[in-house]
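*Asks:* Let me give you the structure first, and then I'll get to my questions.
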């Protein structure tokens, strides 16, 4: 089995349009959640979100590209450019033939769907743009990365709601670990922060109207975000041979299904994925210094997640740090695990633990060290990144310092 | 149909019961309506009366809308309908 390392990272989200900007915001505990700017916002009951602002697609993409790139594809390509540039890789010959792209998204081209439903249903138009289908499909972003960078190996999209990008990164990890691919571009993207996307979430009555406060007794729901996180996963020997900078090692991955409820999380399902990732990585429990929580800020998730962590780690649960960066960038749905992996990389590489901001009051059912409100310096050796999706599909990645 | 009868009809449908089997002192638990069933019932109530019910599934007890019994739910709906007319 090969060792798998991360040699490139890219992002765009409410905290920043690049990895350095995002990490700076996480270090400062800055909140990217604010009033939504979109058409018909007065018809929404939930008027806040972690929206990407200051990004002008027309300054980056030409007219033909914009005709084909939904917002989620635009996010993907922005983040992929940053990640692949950092890796220094160019794909040709055998490297191109064997390397692949595995990305996660929950909804794919939702902005395109929203706009075109409006056109045909609301405005009564009988004709839509010819590229609606290739623009909205869930694999569009993956295909455009493949096309743009000449990556010709195993490539596909994974959709498992809020676990999509962790599941995708898990697949990419396996491709490299097994020796099937020397390099995999992976991560995820989501732009569900459109009118129809928010309307659908409103219906479930789990959204907060005033902020995301994970683990705090005063939490009252999740806040949606949007964005992308893209990474270059590479065979360690391949990376070392070319002298690439290594950000962290992906050491293990595990998945589980609750097989219980379509929306309510299960402590057992989460715990099985967490302990599975530890044993897959061969990392002892007491070596985990940080967990990037799923931490949605809903009543149900946060107490279930804390109970699962307490069950798996026993007394060490009180010594490790667990924070939810969703408090800052919002819940990026299918992209969330990818955006959050950045906090794990920062913890391992820079020794800075991203905080859970908005923390007001302890909840006895979430009695773990959630790094409230201020980032902390700490030297840690290993970290976990949790994702627990609606539908009970759990995916946990284990990372190690290199 | 008056408001209380309609509320009971909606809750009965959710609970897969006849409206005549639903008594006002019953709780949602007794009716077998879980958290998802409750969210659906509130949606049906909002649609039936064209009102907006202040309810957050994260903390049903803390919401401004009392759901402790069928009677309390019907009281709440009556109040919201009256407020809307006022």
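*Asks:* Mind checking which helices (runs of 4 or more DSSP H) fall wholly inside segment B:1-84 and carry at least 2 residues that are surrounded by 15 or more Cβ atoms within 10 Å (Cβ to Cβ) and within 14 Å of chain A (Cβ to nearest Cβ)?
*Replies:* Working: elements: B:3-15, B:28-31, B:35-49.
Helices (runs of 4 or more DSSP H) meeting the threshold: B:35-49.
*Asks:* Tell me the residue from A:6, A:33 that is over 24 Å from residue A:87 (Cα atoms), touching a strand residue (DSSP E or B) at 6+ places or on another chain (Cβ under 9 Å) and surrounded by 15 or more Cβ atoms within 10 Å (Cβ to Cβ), please.
*Replies:* Details: A:6 fails: over 24 Å from residue A:87 (Cα atoms).
Unique residue meeting the criteria: A:33.
*Asks:* If you go through segment A:290-307 one residue at a time, how many are over 25 Å from residue A:225 (Cα atoms) and either in the same structural domain as residue A:212 (by TED's automatic domain parsing) or surrounded by 21 or more Cβ atoms within 10 Å (Cβ to Cβ) (or both)? It would help to see each step written out before you state the result.
*Replies:* In the first step, residues of segment A:290-307 are kept if they are over 25 Å from residue A:225 (Cα atoms); the result is A:307.
Narrowing the set further to residues that are either in the same structural domain as residue A:212 (by TED's automatic domain parsing) or surrounded by 21 or more Cβ atoms within 10 Å (Cβ to Cβ) (or both) leaves none.
Count: 0.
*Asks:* Just name the residue that is modelled with the lowest pLDDT out of those in segment A:182-212 that are within 14 Å of chain B (Cβ to nearest Cβ), in contact with a helix residue (DSSP H, G or I) (Cβ under 6 Å, 6 or more places away or on another chain) and part of a loop (DSSP other than H, G, I, E, B). Give the derivation first.
*Replies:* Looking only at segment A:182-212, we keep the residues that are within 14 Å of chain B (Cβ to nearest Cβ), and these are A:199-212.
Cutting the leftovers down to in contact with a helix residue (DSSP H, G or I) (Cβ under 6 Å, 6 or more places away or on another chain) gives us A:205, A:207, A:212.
Among the residues that remain, those that are also part of a loop (DSSP other than H, G, I, E, B) are: A:205, A:212.
Working: A:205: 93, A:212: 98.
It comes out as A:205.
*Asks:* Has segment A:55-71 got at least one residue that is in a loop (DSSP other than H, G, I, E, B), under 20 Å from residue A:22 (Cα atoms) and touching a strand residue (DSSP E or B) at 6+ places or on another chain (Cβ under 8 Å)?
*Replies:* As a first pass, look at segment A:55-71 and keep what is in a loop (DSSP other than H, G, I, E, B): A:55-56, A:61-62, A:69-70.
Right, trim to under 20 Å from residue A:22 (Cα atoms) and you get A:55-56.
Narrowing further to those that are touching a strand residue (DSSP E or B) at 6+ places or on another chain (Cβ under 8 Å): A:55.
Yes.
*Asks:* Another question, then. Limited to segment A:113-138, what total is found for residues that are touching a residue at least 40 places away in the same chain (Cβ under 8 Å) and in contact with a strand residue (DSSP E or B) (Cβ under 9 Å, 6 or more places away or on another chain)? Quick ask: steps written out before the conclusion?
*Replies:* Going through segment A:113-138, the residues touching a residue at least 40 places away in the same chain (Cβ under 8 Å) turn out to be A:113-114, A:117, A:129, A:131, A:134-136.
Okay, now just the ones that are also in contact with a strand residue (DSSP E or B) (Cβ under 9 Å, 6 or more places away or on another chain), so none.
Total meeting the criteria: 0.
Here is a yes/no grid of residues against (1) surrounded by fewer than 24 Cβ atoms within 10 Å (Cβ to Cβ); (2) free of Cβ contacts under 8 Å to residues at least 40 places away in the same chain:
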| residue | (1), (2) |
| --- | --- |
| A:155 | yes, no |
| A:163 | no, no |
| A:181 | no, no |
| A:191 | no, no |
| A:195 | yes, no |
| A:208 | yes, no |
| A:214 | no, no |
| A:243 | yes, yes |
| A:246 | yes, no |
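*Asks:* Taking residue A:15 and the conditions (1) surrounded by fewer than 24 Cβ atoms within 10 Å (Cβ to Cβ); (2) modelled with pLDDT of 95 or more; (3) out of contact with any strand residue (DSSP E or B) (no Cβ under 7 Å at 6 or more places or on another chain), which numbered condition does it fall short on, given that it satisfies the others?
*Replies:* In the conditions (1) surrounded by fewer than 24 Cβ atoms within 10 Å (Cβ to Cβ); (2) modelled with pLDDT of 95 or more; (3) out of contact with any strand residue (DSSP E or B) (no Cβ under 7 Å at 6 or more places or on another chain), residue A:15 misses (1) alone.
*Asks:* Starting from residues that are in contact with a strand residue (DSSP E or B) (Cβ under 8 Å, 6 or more places away or on another chain) and part of a loop (DSSP other than H, G, I, E, B), keep the ones in segment A:242-271 and report whichever is farthest from the other protein chains (Cβ to nearest Cβ). Outline the logic, then answer.
*Replies:* Step one: list which residues in segment A:242-271 are in contact with a strand residue (DSSP E or B) (Cβ under 8 Å, 6 or more places away or on another chain), which gives A:244-258, A:265, A:269-270.
Of the ones still in play, those that are also part of a loop (DSSP other than H, G, I, E, B) are A:244-247, A:258, A:265.
Working: A:244: 44, A:245: 42, A:246: 41, A:247: 36, A:258: 15, A:265: 12 Å.
Result: A:244.
*Asks:* Within segment A:156-163, is there a residue that is within 23 Å of residue A:11 (Cα to Cα) and assigned to a helix (DSSP H, G or I)?
*Replies:* Filtering segment A:156-163 for residues within 23 Å of residue A:11 (Cα to Cα) gives A:156-163.
Narrowing the set further to residues that are assigned to a helix (DSSP H, G or I) leaves none.
No, because not a single residue in segment A:156-163 is within 23 Å of residue A:11 (Cα to Cα) and assigned to a helix (DSSP H, G or I).
*Asks:* In addition: Suppose we filter segment A:122-146 for residues that are under 23 Å from the mean Cα position of the chain (by Cα) and part of a loop (DSSP other than H, G, I, E, B); how many remain?
*Replies:* Taking segment A:122-146 as the starting set, the residues that turn out to be under 23 Å from the mean Cα position of the chain (by Cα) are A:135-146.
Next, only the ones that are part of a loop (DSSP other than H, G, I, E, B) stay: A:137-139.
So the count comes out to 3.
*Asks:* Considering A:159, A:141, A:228, A:239, which residue is touching a strand residue (DSSP E or B) at 6+ places or on another chain (Cβ under 8 Å), surrounded by fewer than 21 Cβ atoms within 10 Å (Cβ to Cβ), more than 14 Å from chain B (Cβ to nearest Cβ) and touching a residue at least 24 places away in the same chain (Cβ under 8 Å)?
*Replies:* On the way: A:141 fails: surrounded by fewer than 21 Cβ atoms within 10 Å (Cβ to Cβ); A:228 fails: surrounded by fewer than 21 Cβ atoms within 10 Å (Cβ to Cβ); A:239 fails: surrounded by fewer than 21 Cβ atoms within 10 Å (Cβ to Cβ).
Step by step, each of A:159, A:141, A:228, A:239 is checked, and only A:159 is touching a strand residue (DSSP E or B) at 6+ places or on another chain (Cβ under 8 Å), surrounded by fewer than 21 Cβ atoms within 10 Å (Cβ to Cβ), more than 14 Å from chain B (Cβ to nearest Cβ) and touching a residue at least 24 places away in the same chain (Cβ under 8 Å).
*Asks:* Condition first: in contact with a strand residue (DSSP E or B) (Cβ under 8 Å, 6 or more places away or on another chain) and in a helix (DSSP H, G or I). Can you find one or more residues in segment A:147-154 that meet it?
*Replies:* Checked segment A:147-154: at least one residue is in contact with a strand residue (DSSP E or B) (Cβ under 8 Å, 6 or more places away or on another chain) and in a helix (DSSP H, G or I).
The values are calculated or read from the model by the stated rules, or taken from the named source; none is laboratory data. This one's a predicted model, so the numbers in the text were calculated from it and none came from an experiment. Don't worry about glycine lacking a Cβ; one is built from the backbone with ideal geometry, like all the others, and counts go over all protein chains shown.
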